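What follows is a short report on a single structure.
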Amino acid sequence: MKIIYLFLQLFLVTTALAENSFFDGNEYFNNGKYQEAIESYNGAIAEEGYSFAKLFNLGMAHKYNGNNGLALLNFERARHINQSKKVLSQINDIRNKLGIQPDTGLAEYSQPKTIKLWLALACISFWKAVFFISLIIMTRKFSKISTVMAGLFAIIFTLALVEINKLTTDGLSAAIVINNGAELLAAPVSKSSKIGQVNEGEYVKASSSKNNFVHIKSKTGVRGWVKTTDIEPIIPKV
């Protein structure tokens with residue numbers, strides 16, 4: 001019982017600290033001390049995890065502190081929890097400031113419907129192929145129709161698996177560029193040739209990481225490496 005009591009006390013103390021950090025952040029924000037507010041909100045998140053209120057307020061603090069990329073990032077994270085009108089309004093406001101087209105956003109990098117369609121096609125093709133193969137085995141006749149159909153559905157099944165793999169591994173996470181004029185490099189080394197740049201607030205796909213660089217794909221399809229400090233995933237990695 002004593003151990004349970006100690007754990008309960010520890011939980012209550014931790015929760016109280018998180019709440020204090022959040023309310024301290026609100027007080028700093030109201031007094032125009034945006035950097036201090038950011039630190040307090042980040043402290044509340046570190047202590048107790050994400051919530052819509054913390055992410056939204058953190059986004060507002062970054063916005064008023066001039067960090068538009070980080071503001072957009074936290075508004076998108078808040079939007080993932082609750083698509084309220086006020087967070088959508090803030091996202092549109094930041095996009096307008098950064099000159100980002102209204103139709104660019106998280107939806108372009110979220111493809112659950114496409115994955116489901118390919119998965120359904122894979123399942124149908126698999127069982128169709130099994131049916132025709134079973135028909136051949138049961139009848140012990142390699143009829144042209146059964147053989148062709150079995151091969152055709154086997155090919156469709158394989159192609160569907162390939163597409164599912166591409167959708168789930170090519171650009172595993174949607175990310176936002178948080179620094180302006182981030183260099184896009186040809187290789188994950190500092191001395192690599194520069195092939196372009198990505199600007200603050202741009203939505204990109206982030207995949208593999210190496211040597212403190214992340215491989216990304218921009219909306220225009222350009223691929224390259226940027227520093228890990230230049231982007232943040234919309235859905236934080238645990």
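The values are calculated or read from the model by the stated rules, or taken from the named source; none is laboratory data. Because the structure is a prediction, the values reported are computed rather than measured. Every residue, glycine among them, receives a Cβ derived from its backbone with ideal geometry; neighbour counts consider all protein chains shown. Heads up: the accessible areas ignore ligands, DNA and RNA and are worked out on the full protein's heavy atoms, side chains in. Shrake-Rupley method; radii C 1.70, N 1.55, O 1.52, S 1.80 Å.
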Notebook entry, point to check: Cβ-Cβ below 9 Å, separation at least six or inter-chain, first residue in segment 195-222 and under 18 Å from I94 (Cβ atoms), second among the aliphatic types (A, V, I, L, M) and at pLDDT below 85: which pairs?
Noted result: N199/I100; G201/I100; E202/I100; Y203/I100; Y203/L106; Y203/A174; V204/A174
Next item on the list: Being under 14 Å from E200 (Cα atoms) and free of Cβ contacts under 8 Å to residues at least 24 places away in the same chain is the filter; apply it to segment 47-91 and report the residue that is surrounded by the fewest Cβ atoms within 10 Å (Cβ to Cβ).
Entry: G66
Item checked: Residue in segment 136-161 that is farthest from the chain's Cα centre (by Cα), counting only those that are under 20 Å from C123 (Cα atoms) and open to solvent by 70 Å² or more (accessible area, probe 1.4 Å) -> V148
Next item on the list: Being in contact with a Phe, Trp or Tyr (Cβ under 7 Å, 6 or more places away or on another chain), within 17 Å of L70 (Cα to Cα) and either open to solvent by 40 Å² or more (accessible area, probe 1.4 Å) or of a type outside the set (F, W, Y) (or both) is the filter here, so list the residues in segment 172-221 that pass it.
Entry: A174, I176, K205
